[in-house]
Every structure is written in C-alpha cells, then in structure tokens.
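**Q** What follows is a structure written as structure tokens; I'll ask about it next.
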Amino acid sequence: MKRVSLSSAEVIAGNQDLLTEILIRIPAKPLLKFKCVSKQWLSLISDPRFCILHACHHRVLNPTPNALLLNNFYSSTPTFQFVPLMGDDASSHSQVAVFDYLNVSPNYWLKIKNSCNGLILCMSIFYGGGFDDAGSELKGIICNPTTKQFKTLSFPVPKFRDSKTYSSFYGLAFDPLKSQHYKIICLHVDYRGSKNPQVYLYSSLTNSWSFWQNSLEAPTLYGFVNGVFCNDAIHWCSYEQTTLYFDVNTESLKIMPMPPIFSTVNRSREFMYFGESRGRLHMAGIRSHFISGFDVWEMASDYSGWSLLYHVNLRSVKRAFPKKEFDSFTILNVLRAEKEEESKVVISVDSTAMSLNIFGGTLKTLSVLEPGLGFPADLGYEGHDAFQYFQSLVCV
Amino acid sequence: MSSSAENPTLTAEITKPSTEIATETAQSAKKITLKTSDDQIFEVEESVAMEFATVKSFFEDAPSSTDTVPLPNVPAKPFSQVIEFCKEQIKFKANPDETEKKRSNSEFVKEKTNEDLVEMIPVANYLEIKDLLDVLNQAVADRIQNRSVEYVRSFFGIDNDFTSEEEALLREEHAWAFEDVDED
C-alpha cells in the first residue's frame, strides 16, 4: 500500500478526539485486534469511557443482536449453543459461546440467566442443587463474552424461615445510552409464605446489594423465570391476569397486565415466548391443536395493554419439514426490523435454528443445535433458553 | 465531477420563475476569499463558505469584513476536495433526500485514496464540518476494519512500541479477532 502523508496521519494518530471518532465506528471484534497497534491504541480501546461511547454508537446504528446464546440444559461444559443472526461472518463469532475463561469448577453448572446489551449474567450452581436453585449456594458471574472480561458476585440469601421452598428470579438492566453502570435485581419468593417477593438490587456503581421494601404480591405462577429488560424496566411474565415489572429509574416494583388469552383462567393459547425487540415487549404463543401459525403480541409503551402485532404463518416451515409432528417446535426470538418487511422470528424445529421472515415466509437455516446432555434428543430449546448477544466492548 | 452535470436539481432551477433565478444569482455572486496554509487563494461562494463553521463564526464576529480569511491549518489540496463535498451538500439542504445524500456521500469517498481521506480529516475538523467529518471517519473505519495490525500501523505512520512478548500476549488473549483478516 502507499504510505499516506505522515503529517496528516500523525495529526490524527496524535489527536485522541479525532482517533476516537474513527475507532468508535469500527465493530468490537476488529478493535480487539487493534489493541496490538500501539500502547496508545491499547489504552484508548480499553478505556471504559471509550467502550461506552462505542456501545452507544453501535446501539443507535443497529439495535439488532449479533447472535443468540442458548442455555445447554445444564451441560457440564461451559459452552453454549450459538445461533448467528448476522449472516456475513457467522462462524467466526461462535468463539464467544465458549465461557471456559470463567474457570467454573467441574462440580458446577453454568447457566445464563439474563443478557442485556452485550453483558451476560450467569449463575454457577452446585450439582447437588439440582434444577431448583433453592437451597444451593449461588454464585453469579457478570461477563462480556466479546472481551472475556468478567466479575464474580455473591448473591444475597433471602430471609425466609424455610430455605428450601423459595424461588428466585433475576433481571439485568444495562443501557449504554442512559448510563455506563448496570443493575441486577434479584426477587426471592416463598410461595408457602406471604407471596411478597424480597427484592435485592445490585448496582455496579456502588458494587453492593441493597434490600428493597416491597408490598406487592408476586403472581403465583411465573411463566418464564428470566427478567426481560426493556425501556429502563425489567419485566417478568406470569400465567395470571397481571404480572410485575421493576422500574429501574424509580427503583420500584409495578404491576402490568398480561394478555387475557394466556392466563390460566381463560387460556386459549400456549404461551411460548416473552422477550424484547427495538424497545418493545413481545409475547408469542400458539393456539392449542392449531399449528398453522402463531401470534405475536406487543405491549403498549404506556403499559396500557397488549395488542396483536403479527400472525406468523408456518406454511413454509411445514413445507420444509413435511414429516414433522411439530411437537418440538419452539420460538427462540422475535426480531423487529427497521423496515417492517424485514422483521423475523427465530424458531427451532427438529434441532435446527432458523429465521423466518414474518411477511415473506422466507426460511433460512442459522445453525444446528446439539441436544443437551442427559436429555431426550428431540427436546427443543425454548424461548427462555435463548439470550441476545451483542458484540460490545463494555466493561463489567 | 461528471455526475453533477446530470443532477436533477440543476435542471429544476432552470424551470423556476425568472425573478427567483435573479435573486439566487445575486446571492451566489457574493464570494469569500480564503487563503490556505500553502498561500493559495480560493474564492468560494458565500453559501459554501458558510458550511465551514469556523469561517461562519469569523463573519459573525465581523459581518462587514471583506478581508481575506486565513486558514493556517488548511493545505490547498484537501481544501479543494472539501469544497467539492460542501457544494454537493448545499444541494441537499435545499432539497432534502436522505437516500440520494447517502449515495452521493459514498460516491464521494469511494473515489478518494487513503491519503485523500486522511488529509481531509484534520481540515474538516478545523473547519468544523460535522457531516463531512462523519463521512470521512466512517470511510476510514470501513477501510481499516478488516485489515491487519501492520497495515493499520503503516496507514497512520504509527511505530510499534510493544515488546514482542507483550504483543504476543495480546494476540493470544483475543486470538479469534485475528481470523478473517484481509491480505495487505
């Protein structure tokens, strides 16, 4: 290549502001490579303030995740299933699904609990704890799979008399456009007791947990246990008429409605998915015994209620898998696009993750999913196993 | 640029009522004289010169000034390319069309060498032309992101100040980021 005029290049290289403006436009992965350019570049690219500016730039430019990471049914290896969503350089990103740098002891399972704008909250759970988190010692790990940076957190133990009967729900709140700090919420509910969740809030700013007084009752049946972050709040869903969400700004628990068709009293649809895309909450479910398609519902931004957003037709999926009973069909993610006609859903059929264009019906294979350890091979990965991954440099 | 001859906005102006053309000609007649760091004199239409925030604030401080504006940090070669960009931008101010503007911007950077881009960045920064700076920064980012570390050092004239052990350690830490790098 021709060497560019040194004077101008040196002006840029020597001017931190000019250099920053160029580097924030480069995706996270090539920036990891450019840490080797010089000590100045290493220091700039590692600077937490730069990392936040970078995250904001890319969040505004493209709020679509790079991939999905799927929990491996308590697999004993800390490697998650990887479903690429950006077609161009799919395989080269699968490395981010390997969490071996966390050095989780072989006696522990690693499970993703939440993901939010590039950060991932994992739990490492002692084998003896089994599938119920209750009673086992909980160690949380917050990490960025792109940079492999992580921090271990001890979770608060609830003040219940009987430590065996409570359930715990988690949420992670991080929005680089609002703050460089993240918050983790932990709700402990003892269903045999008062049903008032005990609320604990962690802030990365103070690096400590605080206990939150709360008088609201938790719905008795939580559908999906993972809190979904959307517009400065963490949401859980239930099979009842209402459910709870935590407003991160005011630090308070609030009530929001659930679509009546999914509640246990009046249930006409199987509820399969609860998630976020482009700042809106979505739920999806299938009509029982009627599998020609499914419905996606969207919550109004003022929490006034849900409205039917899409009816997703499964004809093209049925054509691609004519012999399948669709027992293992699951919805992994709903992804709205800037152009409505590009909106898609990520589904799993026959151990294959595919994207389905909602309007055109175009089907595209994204990855083949491995069966979980010790489980029947035909058991599908479900929506609450799938977590959005954003390539990002943000610090934990 | 050959494409400006086919630009529809020019054709549109011809069909405007004659009085409007007269006013426009009268306005565009006013020229501002600017002197670059290598002592070249540029006579630039006022509307184009007002795209340079630095020059604009000079005239806000001294509205009646007819002096030549010195641009001590601006060499003639990148400056003429910056003027070319601003002339195009003005058309979109009168007639906003985001798609066409994007196309025009990418056309502008496509035909520039690395040297052209890098020379224009400090000029656009000094003259405070935000749109141009955005376009140039993105173009440089696009050109280097899939390149090797050695290419980038050479691009910016940066000396490697790591020991070979330090560099090896950094490369090992993020080995996956070094896959799929374009050949230099």
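**Q** Excluding A:SER203 itself, calculate the net charge of residues whose Cβ lies under 11 Å from the Cβ of A:SER203, where each Lys or Arg counts +1 and each Asp or Glu counts -1.
**A** That sum, taken over residues with Cβ under 11 Å, equals 0.
**Q** How would A:THR79, A:THR146, B:THR113 line up from fewest to most surrounding beta-carbon atoms within 10 angstrom?
**A** Exposure proxy ranking, most exposed first: B:THR113, A:THR79, A:THR146.
**Q** Related question: Placing +1 at every Lys and Arg Cβ and -1 at every Asp and Glu Cβ, with all other atoms neutral, what dipole size does the stretch A:147-203 have around its Cα centre, in debye to the nearest 20?
**A** 80
**Q** Continuing with the same structure: Out of all Cα-Cα pairs in the stretch B:123-184, roughly what percent, to the nearest whole number, are more than 16 Å apart?
**A** Pairs farther apart than 16 Å: 61 percent.
**Q** Considering only Cα-Cα distances, which of the following residue pairs are longer than 22 Å: A:LYS139/A:LYS183; A:LYS29/A:LYS111; A:LYS35/B:LYS130?
**A** Correct reply: A:LYS29/A:LYS111; A:LYS35/B:LYS130.
**Q** Can you flag which of B:LYS87/B:LYS112; B:LYS31/B:LYS112; B:LYS30/B:LYS93; A:LYS344/B:LYS110; A:LYS178/B:LYS102 are past 21 Å Cα-Cα?
**A** B:LYS31/B:LYS112; A:LYS344/B:LYS110; A:LYS178/B:LYS102
All of the numbers you see were taken from the coordinates with simple rules; none came from a lab. Here the structure is a predicted model, which is why all the values come from computation and not from measurement. Positions of Cβ are generated from backbone atoms using ideal geometry, with glycine treated the same way; all protein chains shown enter the neighbour counts.
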